[in-house]
Amino acid sequence: MTRLRFCAAGLLLVLLMNSPPTGALPQHQPVPGGVAVIELPATCGERPQVRFRDRPVMVVAENERWFAVVGIPLSMAPGPASLSIDDPDGPALPLTFVITEFSYPEQRLTISNKRQVDPTADDLKRIAGDRREINQAFRSWDEEPVDTAFHLPAIGPRSSAFGLKRFFNEQPRSPHSGVDIAAVDKSDVVAPAAGVVVATGDYFFNGNTVLIHHGQGLVTMYCHMSEISVQDGDRLSAGDLIGKIGQTGRVTGPHLHWGISLNQVRVNPELFLVEPIPAQ
Ligand SMILES: [Zn+2]
């Protein structure tokens, strides 16, 4: 018999009432590029340790129950998938969920700076360095409670949705890994929730960029800014200024590219918003 399955529910309730409030959960949309919100079996009150594809997964308390919040890669095929829940008394317990199908539309863009479509050898070296830095930020992890109820980081209509299959100058490229908000040039970009700045930089494709870790591997990314107002290690509250809208990096005009990474997987940021991005 495992401790995970047979702990008293009463004890769970008492312990969780002492936990800090976590806010609303993200939307459950178990598709490639989406987020699965999965209730976990009752435990003794300690936060269960969950893994997906061998990476630690965010676990939050809501209404006195535990939920795993799992980022699903865009490249993952629909069908059954499995989480593993650590059991201190035995082997990890599997928990199966189903990834459902979703079809993302195509988008064709014309980029006038040819180097941003066909980078030179020197550019490719810089791009590889950028990627290392960004991936390191995506690997951020702690065990703190997380506020997953996000407010809009910029004011403006959505100009490109997450997941679009992209063609730059008719050449196929990676799908759109975030959502674009067409805010006014030089207007404010703010933190959508509390977090810590884990990287800032001027990257080849992303331009002036800030990455914020909100806890438990939930990392947000802000690109193409005209200026950056924060530094690595800064602790932010929701609504704190992090920079200004701009058009640095690979862009067709001023906008914010906003990305979210969860368990090192890029997912649709709109699933975390408490208010929607206005349609264009
Ligand atoms: Zn974008």
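What to note about this one:
- Stretch gain in nm, segment D202-A92, where the contour uses 0.36 nm per residue and the Cα spacing is subtracted: 35.4 nm
- Cα-based Rg of the range 175-280 normalised by 2.2 N^0.38 Å, two decimals: 0.97
- 22 Å Cα-Cα reach of K244 towards lysines, excluding residues that sit fewer than 8 places from it in its own chain: K186
- Gyration tensor (alpha-carbon) shape descriptor, the chain, a/c threshold 1.5: prolate
- Relative packing of 187-195, 215-223, which averages over residues the other C-beta atoms within 10 Å, highest first: 215-223, 187-195
- Sum of -39500 (n - 2.57) over DSSP H runs of 4+, divided by residues of the chain (222 nm, nearest 500): -3500 deg cm²/dmol
- Proximity of backbone amide H atoms, modeled 1.01 Å from N, is registered between V31 and T100 at under 5 Å, excluding neighbours fewer than 5 places apart on the same chain.
- Partners for K165 among lysines (Cα-Cα distance below 24 Å; same-chain residues under 8 apart left out): K114
- Mean-position separation - Cα centroids, the range 23-70 and the range 134-209, in angstrom: 22
- Take the Cβ atoms of R126 and H151, set R0 to 30 Å, and the FRET efficiency comes out at 0.35.
- Helix 121-138 axis versus longest C-alpha principal axis of the chain: approximately 30°, rounded to the nearest ten.
- Solvent-accessible surface of the chain, averaged per residue with a 1.4 angstrom probe and all protein chains in place: 47 square angstrom.
- Summarising the label geometry, the points placed 7 Å from Cα in the beta-carbon direction at V274 and K186 lie 3.2 nm from one another.
- Stretchable slack from Q27 to R173, in nm (0.36 nm times residue separation minus alpha-carbon distance): 49.8 nm
- Extension gain, Q247 to E144: 0.36 nm times the residue separation minus the Cα-Cα distance gives 33.6 nm.
- Cα-derived Rg over Rh, computed across the range 58-196 with Rh taken as Kirkwood radius: 1.01
- The DSSP beta bridges internal to the chain are antiparallel in roughly 90% of cases.
The values are calculated or read from the model by the stated rules, or taken from the named source; none is laboratory data. Fair warning: this is a prediction, and the values are worked out from it, not measured in the lab. Because the Cβ atoms are built from the backbone with ideal geometry, glycine has one as well, and the counts that use them run over all protein chains shown. Ligands, DNA and RNA are excluded from the accessible area calculation, which covers all protein heavy atoms including side chains. Shrake-Rupley method; radii C 1.70, N 1.55, O 1.52, S 1.80 Å.
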